[in-house]
Every structure is written in C-alpha cells, then in structure tokens.
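Here's the structure, in structure tokens; my notes come after.
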Amino acid sequence: METAERPTFESETSRRIYEYVERHGTAERHVLLEQAGVSPDVFADHLEGLKSRGYLEEDGGTLRVSLDVGAVEEYQIDGRSVTLRPAQHDDFDGLVRTIRDVTSEETYVVAESVAEELLYEDTVNRHTTVESRVFFVATADGEVIGWTHLDLPQLDALRGTAQQTVGVATECQGMGIGSKLLERGVSWAKANGYRKVYNSLPTTNDRAIKFLTDHGWNTEAIRRGHYTIDDKTVDEVMLSKQI
C-alpha cells in the first residue's frame, strides 16, 4: 500500500483492528484479538482482509501497518558505511535522540514539535484517513544519525503539498548525508503525487536556510514575529520547492 492512498474499510471491525495497530506502531496478534471484541473466526477473516489489501503485514504474530516507502540504499561516506532506509518502529528512540541533538544546536521549532508528537503518540509512522507521516533515516553502525520526515495531509484540498523536515546528528554534519536525506524525501513525495514540499524555520537558523536554498528551495513567505525564542519575537521563513 502506498502511503498516499487513503485507507478505506469494509466494516467497523476492520477499521477498529487497523486503527489500533496504526496508533500503537505494532500490535501482538493475541492483544489485537482482545481489542477487536469479536470471535476468533470473525477476527481472522477481517485480519486476512486487511493483509490481502496491503494495509497490514504480519511477522511472527506481530502486526504493523504496511507502508510502501521505498528501498534500502547503502553509501560509503568518508570511509563510513551509511544506510538510508524507511524508518521502523525500532528506530523510535534513536530518532527522537537525533532530532533533539539537532534542535539543541540550532532552533528548529517544527522539528522540535515533531519529536514531541513522536513521544506523545509513541509511534513513528502514521497513516489515517486524515493525515499520514513517514520517516526515512540514515544509520551508521546500527545507530540513527539523521532523518527526513514528511507530513502528508489526506484531505483533498491539501493533498498536493507536504511538509518536510531534515536533520543530521552534530558529529555527522558536513558529510553530505543531509543532502541525500533531503532528496530521498523529495523524490518520494514526487512519486506519490505531491507537487510541492515546504519547510518552515526561524530566520535565525542561517545554516538550515542556506542548506535549503543551496538545494533549490525558494522563500515563499515570511511570518513576522511568529516565534518567541529566548523572550524575543523571531520571524519565520517558509521555504518551498516545486517538484
């Protein structure tokens, strides 16, 4: 199932099963049966229907939302093996840690809010009838060292535009990893029918703004006094890229 496709359900039982897994990132089959509130036979029929439609996948009794977000890519960067791939629920702690590392160095309010959403919802990717969220991560030696994330509204009037964030752990910056993550997110958005991506930053984050403009992003809007940082009002710059 491509993430841009809205999930639809044939029954309330199917919806309940899917939404429980989607909210929790993963769910054990026996726990899901309890939550479904139906007989084992009815549960099995609805679960198989969700799996056959590509909505859920099962591995050893663990269910998760099936998201077709692309392949694994391997790079040699400065003598170090770096992997770019779709994020998994197991990346949760490393993802939050990396986002917080980046936002402790530079003010990146949107990324800070993404980290808070992750902690509140306790799951990485989301996919509902209203909105979707996907992450790609860069890893080295099994550790998350960078991310890019896309917020993907599912409402018809908003489905052409996605919000993207990107960041790389402090010790791994300047190696080109951020460029590869940025392009991975843009390419995925384009392949899934989005026409524009945007990123919003405080005007004080000079490095991030230069990074995006160097990659062909343009200033679309300025919101005056949008943030309060260290007791001072700071403008927000919205940068975007047509794809």
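Descriptive notes on the structure:
- The calculated 222 nm mean residue ellipticity attributable to helices in the chain amounts to -11000 deg cm²/dmol, summing -39500 (n - 2.57) over DSSP H runs of n ≥ 4 and dividing by all residues.
- D by Stokes-Einstein for the chain, Kirkwood Rh over Cα pairs, 20 °C, 1.002 mPa s: 112 µm²/s.
- Under the Debye formula (equal points on every Cα, no solvent term), log10 I(q)/I(0) of the stretch 12-65 at q = 0.12, 0.15, 0.28 Å⁻¹: -0.19, -0.31, -1.23
- Centroid-to-centroid separation of the stretch 197-225 and the stretch 87-127 [C-alpha atoms, Å]: 20 Å
All of the numbers you see were taken from the coordinates with simple rules; none came from a lab. Computed from a prediction, not measured in an experiment: that's the story for all the values here.
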